[in-house]
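*Asks:* Below is one structure. I have some questions about it.
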Amino acid sequence: MNKVVLACGLAMLCVAASGTAMAADLGPVYKGPAPIAYSWTGCYLGIEGGANWGQSRHISAGLPNPANAGLPIDNTFDLSGALVGGTVGCSYQISGWVIGIENDASWTNKRGSANDIPPFNVAAVSRTSEKWIDTLRGRLGFTWHRALLYGTGGAAFAGTSVRVCSPFLCVSDSQSRVGWVAGVGLEYAVWENVSLKVEYLHADFGTERYIDPPVTGPRGGTIVTRDVSLTDDIVRVGVNWRFY
């Protein structure tokens, strides 16, 4: 029995020694380089474009008739258009989080109009237009290698105009407005320094006063002073080029 155990032990030692020798003959096992994590740290330039829509309403400021103060001149109406522009920003990655700041400026042809309602002249048409929009926003997101999901918010600026036409005359007034903006987006790095993004933004510019003082035409009829509300909803896609 002892001889059998001794023989089995010697056989196992021989197999182990043989395996070790074969491994030595094969040399070290090759392992590929560990994947390099993508970094979102850096500044970038980009172009973007998409759709821009929202709502507006004209409310009487009580000029020239104080009795009409606060009355709606028209029902809330929709505005729509397209936009295209450029982007500049910088990001910094801390572990899986990315923080940054971004500014964009876009041309837009967003506009909409509605007929006035009683007690105002129902033959008159009030229109709100937006010529450009600029947003300055912070960004905070979480990244999975080349994908970045982020939230964003900050200040919004817009170039706007109001035009009112009655059977007697037309009057226009323009001004720049300031509001707030917030939204979400998804960006994906398709190459080392090129990324694609899609985002949604909502901007609210509150109300601002137009046609102050009111205007009376030479043939009669008065375009009253009004407080005009304005909101934006933007869906756009973009391409960013990142430099380090």
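*Asks:* N103 versus (1) closer than 20 Å to I234 by Cα; (2) exposed (fewer than 14 other Cβ atoms within 10 Å of the Cβ): which is the lone unmet condition?
*Replies:* With respect to (1) closer than 20 Å to I234 by Cα; (2) exposed (fewer than 14 other Cβ atoms within 10 Å of the Cβ), N103 is out only on (2).
*Asks:* Please go through the stretch 77-100 and give me each residue that is of a type in the set (A, V, I, L, M, F, W, C) and either within 20 Å of A158 (Cβ to Cβ) or assigned to a loop (DSSP other than H, G, I, E, B) (or both), ordered by number. Steps first, please.
*Replies:* First, pick out the residues of the stretch 77-100 that are of a type in the set (A, V, I, L, M, F, W, C): 77, 79, 82-84, 88, 90, 94, 97-99.
Answer for the stretch 77-100, where residues must be of a type in the set (A, V, I, L, M, F, W, C) and either within 20 Å of A158 (Cβ to Cβ) or assigned to a loop (DSSP other than H, G, I, E, B) (or both): F77, L79, A82, L83, V84, V88.
*Asks:* When the stretch 115-143 is examined, which residues are found to be free of Cβ contacts under 8 Å to residues at least 12 places away in the same chain and of a type in the set (A, V, I, L, M, F, W, C)? Outline the logic, then answer.
*Replies:* Of the residues in the stretch 115-143, the ones free of Cβ contacts under 8 Å to residues at least 12 places away in the same chain are 118, 122.
If the condition is that a residue be free of Cβ contacts under 8 Å to residues at least 12 places away in the same chain and of a type in the set (A, V, I, L, M, F, W, C), then V122 is the only one that fits.
*Asks:* Pick out the one residue from G221, G217 that is surrounded by 15 or more Cβ atoms within 10 Å (Cβ to Cβ), closer than 22 Å to P167 by Cα and modelled with pLDDT under 95. Please lay out each step first, then the result.
*Replies:* Details: G217 fails: surrounded by 15 or more Cβ atoms within 10 Å (Cβ to Cβ).
Unique residue meeting the criteria: G221.
*Asks:* Quick check on the stretch 109-136: of everything there that is in a strand (DSSP E or B) and of a type in the set (V, I, T), which residue is farthest from Q55 (Cα to Cα)?
*Replies:* Step one: list which residues in the stretch 109-136 are in a strand (DSSP E or B), which gives 111-115, 125-136.
If we keep only those that are of a type in the set (V, I, T) as well, we get 125, 128, 133, 135.
On the way: V125: 16, T128: 9, I133: 15, T135: 18 Å.
Only one residue fits best here, namely T135.
*Asks:* How do the pairs read when you match residues in the stretch 165-185 that are touching a residue at least 24 places away in the same chain (Cβ under 8 Å) and under 11 Å from L201 (Cβ atoms) with residues anywhere that are among the hydrophobic types (A, V, I, L, M, F, W, C) and surrounded by fewer than 16 Cβ atoms within 10 Å (Cβ to Cβ), using Cβ under 9 Å and keeping only pairs 6 or more apart or on different chains?
*Replies:* W180/A155; V181/L136; V181/A155; V184/L149; G185/L149; G185/V198
*Asks:* Could you list, ordered by first residue, the pairs with Cβ atoms under 6 Å in which the first is in the stretch 219-230 and touching a residue at least 24 places away in the same chain (Cβ under 8 Å) and closer than 12 Å to T128 by Cα and the second is in a loop (DSSP other than H, G, I, E, B) and polar (S, T, N, Q), at least 6 apart or interchain?
*Replies:* none
*Asks:* Mind checking which residues of the stretch 102-112 are touching an Asp or Glu at 6+ places or on another chain (Cβ under 9 Å) and without any contact (Cβ under 8 Å) to a residue 40 or more places away in the chain?
*Replies:* Selection gives N103, A105, N109, R111.
*Asks:* Is it the case, given these coordinates, that V164 is among the β-branched types (V, I, T), at pLDDT 95 or above and buried (at least 17 other Cβ atoms within 10 Å of the Cβ)? Steps first, answer last, please.
*Replies:* Numbers: among the β-branched types (V, I, T): yes; at pLDDT 95 or above: yes; buried (at least 17 other Cβ atoms within 10 Å of the Cβ): yes.
Yes; evaluated as a whole, the condition is true for this residue.
The values are calculated or read from the model by the stated rules, or taken from the named source; none is laboratory data. Keep in mind it's a predicted model, so treat the numbers as computed, not measured. Using ideal geometry, Cβ is built from the backbone for each residue, glycine included, and neighbour counts are taken over all protein chains shown.
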